[in-house]
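What follows is a single structure, written as structure tokens, with notes after it.
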Amino acid sequence: MTILKVDTISGIGTEGPVFEGDIEFTSQNFLTLPKGDTTQRGRGRALILGGIYPETTRMETYSLISSSNGVEFGTLSAGNNAAWGGALASSTRGVIAGGNSQINNISYVEIPTLGDSIDFGDLTVGRRHAVGVSNNTRGMWAGGETAGGTTQTDTIDFVTIASTGDAQDFGNLTDARRGCAGGASPTRGLFASGDSPGAVNIIDFVTIATTGDATDFGDTTEARTNSTGCSNTTRAVFGGGTTSAPTYVNTLDFVTIATTGNATDFGDLFQAVYSIRGSSASHIRGNINGGYSTAYINVIQSITFSTTGNAIDWGDMANAKGGYNGTTSDSHGGLSE
């Protein structure tokens, strides 16, 4: 039997019930009250934006709450960001920037309603292979390659996610590189490994709320590029990629975001892959989507942040993509709730 005790209920028929006075809840189980407004209901969505081999402008989504497969929901506008774009998100908006042919376009989708992407603005430097990280207010893209895919950049751009407009300069990485793995808490953004050219094991970090150059955080357990990263508010996990083609790695590393230091072994992917530019995450799990492993695959591999261990099979993407796609979610570690 459930008993709800409240002093006054008013406004019925106009604004809905308003509770005044002390409210007491007694439960035999762990109880968490829902937070957020109606636009945030049903959060726990992963977004996979575009992809390559074959290059596609299609977008898809799947649930991070229970094991599921990807479902298509729209297309990227005018073919922009179809491949090698970097994605990030707030709790309600997904944003992707850059892409093949070193474009500077930024597009966005409204996560609660989905649909085709809409123009947001432009990066300060057109590039591909940049990595995106964010909290609920600010998104940033770091690194990438310019000038026909032959020159790495150390540029970090940022935008305010709730508004539209061109990106602004944030600062610079400690080393110009493309293909970094990313992760974030609400206060810090991390950029790990990459191609400088040649695989490196550098981990940089920035404080998201302030602009400025990145600072050295530590090192991953091995140098690699074309890897991926995901995070909850506490841990960032980096994995996969290649040390030198065609050597694909299945190792997963992790760091505690609030501190600095070298990464520690987390476990292994069950299928070694590279070209996995982005991952999706909730506060419970991180998912690695697709990649290349003798062929381009549509497998979604999943880890649980709170425990170390090997990845498990979560489901399949709607399309087998090389993983050079923009991947993000509405519940990753950069979002406090």
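Odds and ends about this structure:
- The set of residues in the range 118-156 that are more than 20 Å from the chain's Cα centre (by Cα), surrounded by fewer than 21 Cβ atoms within 10 Å (Cβ to Cβ), touching a residue at least 24 places away in the same chain (Cβ under 8 Å) and part of a loop (DSSP other than H, G, I, E, B) comprises 124, 125, 126.
- Residue in the range 266-302 that is surrounded by the fewest Cβ atoms within 10 Å (Cβ to Cβ), counting only those that are among the hydrophobic types (A, V, I, L, M, F, W, C), touching a strand residue (DSSP E or B) at 6+ places or on another chain (Cβ under 6 Å) and closer than 20 Å to residue 89 by Cα: 300
- Number of residues in the range 278-318 that are over 16 Å from residue 62 (Cα atoms), of a type in the set (S, T, N, Q) and in a strand (DSSP E or B) equals 1.
- Residues satisfying the stated conditions in the range 206-234, i.e. farther than 21 Å from residue 327 by Cβ, in contact (Cβ under 8 Å) with a residue 24 or more places away in the chain and assigned to a strand (DSSP E or B): 215, 216, 217, 218, 219, 221, 222, 223
- Residue 331 in contact (Cβ under 8 Å) with a residue 60 or more places away in the chain and part of a loop (DSSP other than H, G, I, E, B): yes
- Taking the range 159-181 as the range and being touching a Lys or Arg at 6+ places or on another chain (Cβ under 9 Å) and surrounded by fewer than 22 Cβ atoms within 10 Å (Cβ to Cβ) as the test, the residues that pass are 160, 162.
- Extreme residue, surrounded by the most Cβ atoms within 10 Å (Cβ to Cβ), among residues of the range 229-265 that are over 17 Å from residue 203 (Cα atoms) and modelled with pLDDT under 95: 248
- Residues (over 13 Å from residue 141 (Cα atoms) and buried (at least 17 other Cβ atoms within 10 Å of the Cβ)) located in the range 205-220: 217, 218, 219, 220
- Residue tally, condition out of contact with any Leu (no Cβ under 8 Å at 6 or more places or on another chain), in a loop (DSSP other than H, G, I, E, B) and more than 21 Å from residue 100 (Cα to Cα), over the range 166-187: 5
- Residue that is farthest from residue 131 (Cα to Cα) [pool: residues in the range 235-249 that are in a loop (DSSP other than H, G, I, E, B) and small (Gly, Ala, Ser)]: 245
- Scanning the range 250-268 for residues that are in contact with a Gly (Cβ under 6 Å, 6 or more places away or on another chain) and either aliphatic (A, V, I, L, M) or part of a strand (DSSP E or B) (or both) returns 252, 267.
- Among the candidates 91, 107, residue that is in contact with a strand residue (DSSP E or B) (Cβ under 9 Å, 6 or more places away or on another chain) and either buried (at least 24 other Cβ atoms within 10 Å of the Cβ) or among the hydroxyl-bearing types (Ser, Thr, Tyr) (or both): 107
The values are calculated or read from the model by the stated rules, or taken from the named source; none is laboratory data. Since the structure is predicted, the reported quantities are computational estimates derived from the model, not experimental observations. Cβ coordinates were reconstructed from backbone atoms using ideal geometry, including for glycine residues, and neighbour counts include every protein chain displayed.
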